[in-house]
Amino acid sequence: MTDELCATNYLHEDRVQVALEHLVDAPTAGRLAETFKALSDPSRVRIVSVLADAELCVCDLAAALGMSQSAVSHQLRTLRDLRLVRRRRKGRQIFYTLDDDHVVDLFRRGLDHVSHG
């Protein structure tokens, strides 16, 4: 028998009911999984880390990250499609920032988690 299986087949109906009250519906679970999938790429995580504290254009992001503008732009498109970053045009430049405080909080909590212990 593996450690992941119950040794007995007893159902705790009260606990199952509480679990069902907190169960995320399938569409929401899919959107959340896509968000975490966007953060599964180290380049995108590094972009988010820089944008957590500053609004930057693609040129500045590329210089800060040591990446080509094309590569940064490609990663920003994914982050934008998932509403993790937003853009603002000023003349001929486009500036990027994190979409809202939820994204900053998600990033910082994840960073705290991996830095802990």
> Could you give every pair whose Cβ atoms fall below 7 Å, whose first residue belongs to the range 45-57 and is under 12 Å from Leu76 (Cα atoms), and whose second residue is modelled with pLDDT of 95 or more and among the polar types (S, T, N, Q), counting only separations of at least 6 or pairs across chains?
Replying inline: Ile47/Gln75; Leu51/Thr97
>> Can you tell me which residue is modelled with the lowest pLDDT among those in the range 67-93 that are over 13 Å from Leu51 (Cβ atoms) and aliphatic (A, V, I, L, M)?
In response: Leu82
> If you take the residues in the range 24-40 that are in a helix (DSSP H, G or I) and of a type in the set (A, V, I, L, M, F, W, C), which one is surrounded by the fewest Cβ atoms within 10 Å (Cβ to Cβ)?
Replying inline: Ala26
> Quick one: which of Arg46, Arg88 is among the charged types (D, E, K, R) and more than 15 Å from Asp100 (Cα to Cα)?
Replying inline: Arg46
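The values are calculated or read from the model by the stated rules, or taken from the named source; none is laboratory data. Note that the structure is a prediction, hence the values are computed from the model and not measured. Note that we place each Cβ from the backbone using ideal geometry, even for glycine, and neighbour counts take in every protein chain shown.
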